[in-house]
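Throughout, read-outs are computed from the coordinates displayed, never taken from laboratory work. Quick caveat, the model's predicted, so the values are computed rather than measured. So basically every Cβ, Gly included, is an ideal-geometry build from the backbone, and we count neighbours across all protein chains shown.
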Amino acid sequence: MRKKINGIVVLALMVTAGCSSRSAVTSTEGSDKVTSPKVSSQSTEAPSTASQSLPASPTGYGFDQWQTGPLGDVFFDFDSTVLASAAQAQLKQNSAWLENNSAARALIEGHCDSRGTSEYNMALGERRASTAKEYLVKLGVASSRLETVSFGEERPFDTGKGENAWAKNRRAHFVIK
C-alpha cells in the first residue's frame, strides 16, 4: 500500500512539474527563476493562420488567442530586441492605458519564432520582454507594476513555416494581471 501511495505522489509531482515545453523563465526585480506558466482552460494550440498577415494597425488587440485585454502586442525583427517605430507607438498606447488604470499590473510575455535552439529562444524571449518593460518604465510606468516571462518558441501564434508565420511569433505579448 505504501508503494502505491509513493507512486501516486511521484506521479502527481511529475504532472505538477510539467515537461520542458511548458517551462518558462520568469524575471522579477533582480532575480531569475524557472516556473511553469499558468495554463488556462483555453487550448494552448494556436490555429494555423499562414494566410493572415500582421495587423495593419499597431493596436494588436485581439490579435491572438491569449490577448485578454486592451494592451497590444509589439513585434520584433528576426533575432532582434530592437523596438521598431510601430512597436514604440504601441508601447506608448499601452503606457497611456496603464496610466489611466493605475491599479492594473501587466505581465509581458516574450515570444520567438521556431528558428534557433529552445535555450536560445528562451533567452531571446526574455530579452524581448525586458526591452518592452524598460521602454514602458522610461515612459513612466512603475517597474513594480510590470512582470516579464519568456515562452521562447513554445507558444506560437502561427504554427506555419515561412517568414509570414514567423513574423507573427516574434513578439512581446501583454496580459493584464
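Before moving on, here are some points about what is shown:
- Some residue of region 154-166 being more than 12 Å from the chain's Cα centre (by Cα), among the polar types (S, T, N, Q) and farther than 30 Å from Asn100 by Cβ: yes
- Hits in region 130-151 - residues which are crowded, with 18+ Cβ neighbours inside 10 Å and either in contact (Cβ under 8 Å) with a residue 60 or more places away in the chain or polar (S, T, N, Q) (or both): Ser130, Thr131, Glu147, Thr148, Val149, Ser150, Phe151
- Among the residues here, Gly72 does not qualify as part of a helix (DSSP H, G or I), touching a residue at least 24 places away in the same chain (Cβ under 8 Å) and touching a Phe, Trp or Tyr at 6+ places or on another chain (Cβ under 9 Å).
- Residues of region 107-129 that are more than 14 Å from Arg171 (Cβ to Cβ) and either touching a residue at least 60 places away in the same chain (Cβ under 8 Å) or part of a helix (DSSP H, G or I) (or both): Ser118, Glu119, Tyr120, Met122, Ala123.
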